[in-house]
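Written out below as structure tokens is the structure these notes cover.
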Amino acid sequence: MDNKMPDTNQRGSFGSNIGFLLSAIGSAVGLGNIWGFPYKMGKSGGFTFLLIYLALAVFVGFAIMLGELALGRKTGFGPVNAYKAVSKKFKWVGWLAIVAPFLIMTFYSVLGGYCIYYIIINLIGLFGNMPTGMDSFVTMITHPMISIGIMILFMIICYLINRGGVDSGIEKFNKVGMPALFVMLIIIIIKALTIPNAVEGLKFMFKPGYAVTGGFIDSAPSALSVLATAGGQMFFSLSLAMGAIITYGSYLDKGESLPKNSVIIVVADTIVALLAGIAVIPAAVANGINNGVPVNEISLGGPKLLFVTLQDVFHDMGAIGGIFGIIFFVLVLLAAISSAISLIEAVSVTFIDRASAKGKEVNRPRTVTIVCVVITIVACLVAADGLGSNGFAPWQFFGMSEPTGAWSEDWLDFMDMFSEGIAMPLGAMMMAIMIGWELKPSFFHDEIHSGYSGKIDGFWGFCLKFIVPIAMFFILLVQLDSFFSFGWF
Ligand code: PFF
């Protein structure tokens with residue numbers, strides 16, 4: 001390793017393994033679980049999707065999770081310096097893992113702001129004027145000042161947490177936020193499942209083929225596209241290849257078991273995704289059916305699932321709807337904050353490491369301020385764009401006559417294309433090749449067996465050498481195809 005070990009006291013560290021676990025689970029549990037997972041599962045074959053998702057989580061997600069935690073803890077650095085410390089050939093991958101979280105934050109902050117807006121309208125709704133989903137959504141996205149204002153509010157909350165430090169900011173928030181999120185999720189599930197016709201939503205999710213036979217979608221997706229959708233979703237949901245897990249790993253005590261922690265994070269994230277599905281889809285489907293909406297016209301995808309369809313459920317509950325609306329959107333907000341702070345930390349840590357490695361005083365408040373201000377400035381563009389509804393979407397901005405693929409439809413997708421679409425699968429593929437072929441898994445032997453004496457090396461090495469690179473290459477192709485509409489798949 002060609003870098004000086006950092007002064008861990010200056011960088012900060014988690015105070016306990018449970019604090020680390022709740023923070024890592026907080027990073028993983030986010031908007032991806034609450035609206036991406038249920039919708040993709042329903043549309044991509046329900047139970048089949050779930051089985052493929054689980055297989056990918058075991059063979060790909062777990063392997064990368066363990067690799068990232070090991071890389072972070074062994075080097076004691078965030079992504080940029082960690083890659084630099086172990087490999088000259090692969091040090092550029094570290095930069096991918098700082099650009100990607102930055103780009104994700106430019107739209108994650110906008111979506112987080114949307115949650116704040118919906119908490120406010122449901123609060124107002126308690127006093128008698130409960131707006132419908134579509135009214136609220138249109139007002140929000142077509143008023144740039146509203147979208148920018150709520151995004152800034154979201155950023156201020158995250159900023160204050162990150163500024164507080166690893167143990168007294170991030171860990172403290174997650175130790176309260178994650179259990180609270182879980183309790184709220186259970187309350188929402190109980191309410192959702194008691195709506196008449198909720199069983200139709202459960203069938204949509206869990207009965208193989210029901211999305212088609214039940215009339216929700218016209219035709220079943222191809223096996224290839226289910227594989228790709230499940231892979232992309234699993235990756236985003238587990239916060240992989242974004243520097244966040246490497247960063248959290250670098251703050252973890254040497255005595256803790258990395259394999260055990262990796263399993264817990266993957267399992268917890270998957271359970272929350274399933275629970276979120278059970279909270280969201282049955283309510284959305286049941287309410288649509290009860291209002292006479294044909295099932296193929298119920299909006300179950302994209303931002304509309306939460307901000308139109310679900311808001312209508314609360315609207316239609318009458319006076320009590322505001323209370324459930326508030327509980328639901330506070331829970332989504334908690335999930336968004338706990339993920340966003342890990343992204344902000346993944347960007348900030350590079351500057352913190354740099355000062356720490358040079359023996360300079362680490363100025364966390366200043367670093368976090370600069371990172372948050374720059375994210376906020378770029379996020380203003382995404383917020384003001386209102387998902388492409390305000391006349392300066394990328395295709396209009398670049399003077400094209402019409403959109404040419406998802407990347408050009410709105411600025412959110414544009415940022416998503418570089419981060420989730422390219423940097424994430426490319427970064428994961430490179431990490432697997434670096435550990436599997438260049439460094440060899442034995443390079444991390446001591447790290448993996450510090451606090452863990454079981455067998456894992458053979459399985460881990462096999463996944464990193466063969467399964468992950470192939471899976472990631474394929475996912476990269478499919479992501480490019482979906483963003484640019486090449487028509488490859
Ligand atoms: N895992 C988060 C979600 O499911 O919404 C998103 C995310 C957070 C991705 C942090 C990457 C990351 F580093």
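The values are calculated or read from the model by the stated rules, or taken from the named source; none is laboratory data. Just so we're clear, the structure is a prediction, and the values are computed from it rather than from any experiment. Using ideal geometry, Cβ is built from the backbone for each residue, glycine included, and neighbour counts are taken over all protein chains shown. Calculation scope for accessible area: heavy atoms of the full protein, side chains included, ligands and nucleic acids excluded. Shrake-Rupley method; radii C 1.70, N 1.55, O 1.52, S 1.80 Å.
Couple of notes before you dig in:
- The listed peptides 356-369, 67-80, 149-162, ordered by packing as a protection proxy, come out as 67-80, 149-162, 356-369 (highest mean of other Cβ atoms within 10 Å first).
- Those trypsin sites (Lys or Arg not before Pro) in region 85-165 that DSSP places in a loop and that have at most 16 other beta carbons within 10 Å: Lys88, Lys89
- Multiplying the residue separation of Thr139 and Arg366 by 0.36 nm and subtracting their alpha-carbon distance yields 78.2 nm.
- Among Phe62, Met134, Gly94 - extreme Cα towards positive end, dipole of region 24-138, charges at beta-carbon: Gly94
- Net charge of the neighbourhood of Tyr83, taken over other residues with C-beta under 10 Å away and scored Lys/Arg +1, Asp/Glu -1, is +4.
- In the context of the full set of protein chains, region 345-474 has a per residue accessible area of 43 Å² (1.4 Å probe).
- Sulfur and carbon atoms: percent of accessible area, the chain [1.4 Å]: 67
- Unit charges on C-beta of K, R, D, E only; dipole of region 310-443, Debye: 880
- Sites Ser389 and Asp218 - FRET efficiency at Förster radius 30 Å, r taken between beta-carbons, to 0.05: 0.65
- Whole-number percent relative contact order across the chain, with pairs defined as alpha carbons under 8 Å at least 6 apart: 31
- With the simple model of a label 7 Å out from the Cα in the direction of the Cβ, Leu54 to Lys455 spans 2.3 nm.
- Evaluated at q = 0.10, 0.12, 0.16, 0.21 Å⁻¹, the base-10 log of the normalised Debye intensity for region 193-300, with identical point scatterers placed on the Cα atoms, takes the values -0.44, -0.58, -0.85, -1.14.
- Close amide H pairs (under 5 Å, H built 1.01 Å from N) link Asn197 with no residue at least 5 positions away or on another chain.
- For region 375-439, the relative contact order comes to 23 percent (Cα pairs under 8 Å, sequence separation of at least 6).
- Per residue, the Cα convex hull of the chain amounts to 136 Å³.
- Loop-located trypsin sites (Lys or Arg not before Pro) in region 194-264 (DSSP state not H, G, I, E or B) with no more than 15 neighbouring Cβ atoms inside 10 Å: Lys254.
- Flagged links, alpha-carbon separation over 31 Å, of Lys40/Lys254; Lys84/Lys254; Lys254/Lys440; Lys74/Lys455; Lys172/Lys465; Lys175/Lys203: Lys40/Lys254; Lys172/Lys465; Lys175/Lys203
- Long-range amide H partners of Ile217 with built H, under 5 Å: Val212
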